[in-house]
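Working notes, beginning with the structure itself.
Please treat every number below as a calculation from the coordinates, not as lab data. Computed from a predicted structure; not experimentally measured. Glycine also receives a Cβ, built like all others from the backbone with ideal geometry; neighbour counts cover every protein chain displayed.
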Amino acid sequence: MKFHFSILSFHLRTSGRFCLVETVLCFSYDSWISKIMLDSKFCLYGMPEFFMHPFLLLFYFYFLHLIIFFYLKQVPNSLISLVSSVLRKGEDDITQLYALRTIENICSQGGHWAGRFTSQDVISNICYIYRAAGKQESIRLTAGSCLVRLARFNPPSIQSVMEKLSFKDTVSALGKGSPREQQISLNLLNMAMLGSHMFTNIGRHLSNLAEDKNLVPSLVSLTEQGGEILRGKALLLIALLCKNGRRWLSHFFCNPRLLSAVDRLAKEKDIYLQHCLDAFVHVVASTIPSLLDIIAGDIQQMMGGRRQGHISAIAHRIAPKTNVHMFPVVLHLLGSSSFKLKVVNHQVMQQLANLVKVLETPFPVGS
């Protein structure tokens with residue numbers, strides 16, 4: 001370990017902070033030496049000429065690989081802090097880019113390493129870089145990739161990330177951003193939905209999303225025109241929204257464009273897209289039995305006359321909180337080639353039969 005840190009200090013004396021960031025970038029890999037040579041090309045900048053000889057350079061990286069394999073867990077917090085410190089506002093853009101790539105690679109190793117970069121300061125700085133209008137797109141998108149990896153391997157951090165970025169701004173990128181920015185936004189929103197139980201005010205965020213007029217059209221457009229990855233992730237977000245709240249069902253599944261796009265996607269051969277489509281259909285279909293129960297209960301309440309106090313059947317019939325208006329969702333899903341086989345089962349058939357019996361019951365007179 002002494003030689004390990006002597007290499008590090010040697011770089012500090014000869015090349016400064018710039019090369020330190022790139023040295024840690026090399027440390028972040030624990031794969032084969034070929035991968036290190038492939039992905040650490042940035043380390044060549046600022047290196048002493050002694051290490052530029054091909055054989056010495058190969059030995060250098062090979063020795064680093066051995067250090068990584070046996071001693072990576074002993075990298076001190078001070079070194080992590082030094083890498084994080086260059087993310088502050090006002091630091092050199094190129095240095096920040098390499099620091100972000102270092103964090104991106106380290107966080108890709110898993111939860112332990114992602115956890116070392118989840119302080120509020122680091123998340124705030126990365127979010128600032130991601131939103132900064134004056135930053136180069138490569139820096140911004142690398143910052144977004146860092147945020148995705150931090151949230152993926154350290155789920156509780158998604159709340160801090162979304163509070164800094166805001167749901168509204170993240171959704172707006174679905175319609176206006178580049179494909180890579182759209183993918184970052186979809187990843188963040190999906191993880192926010194998966195980790196909704198960790199938010200202290202998720203209800204308010206979802207209410208704001210429901211009022212956003214661009215969310216549904218953007219997601220429908222992505223399912224129609226996006227690449228395989230974007231289409232798959234858009235389907236997952238739609239499914240998670242519907243799972244978190246019934247009102248989303250009518251937003252999406254009374255839209256003939258979405259159902260037509262979904263039926264076309266069933267013919268695609270991309271494996272990832274098919275996995276996403278299967279999960280999407282399964283999640284949405286699983287919401288139908290409870291939806292039918294609620295609709296049947298609302299109809300019975302409307303037809304039952306006085307249930308609470310002296311409220312008439314007519315008052316119940318026009319109550320704004322009724323879910324009867326969502327019955328067309330069931331009808332549209334039954335008409336979709338992708339959904340009908342998943343939606344129709346013995347339970348749903350029995351619920352529909354019971355619903356018909358309820359509707360055939362005459363309204364009580366004089367209620």
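Points to keep in mind about this one:
- From least to most packed, judged by other beta carbons within 10 angstrom and beginning with the fewest, M162, M303, M198, M191 follow the order M198, M303, M191, M162.
- Exposure proxy ranking, count of Cβ atoms within 10 Å, fewest first, for R116, R131, R264, R101: R264, R131, R116, R101
- In order through segment 278-294: 3J(HN,Hα) via Karplus (6.51 cos²θ - 1.76 cosθ + 1.60), integer Hz, x for Gly, Pro: 4, 5, 4, 5, 4, 5, 5, 4, 5, 7, 5, x, 5, 5, 5, 4, 5
- Qualifying aspartates and glutamates (Cα of each under 17 Å from Cα of K176; at least 8 residues distant if same chain): E137, D212, E224
- Highest-first arrangement of 201-208, 246-253, 166-173, where packing means the average Cβ count within 10 Å: 246-253, 166-173, 201-208
- Gain upon complete extension [Q136, H275; 0.36 nm per residue less C-alpha separation]: 46.6 nm
- Under 15 Å from the Cα of K342 - aspartates and glutamates, other chains or at least 8 residues apart: D263, D278
- Extension gain, L334 to R247, is 29.5 nm, computed as 0.36 nm per intervening residue step minus the present C-alpha separation.
- Inter-label distance, nm, simple model (7 Å from Cα along the C-beta direction), K342/D263: 1.6
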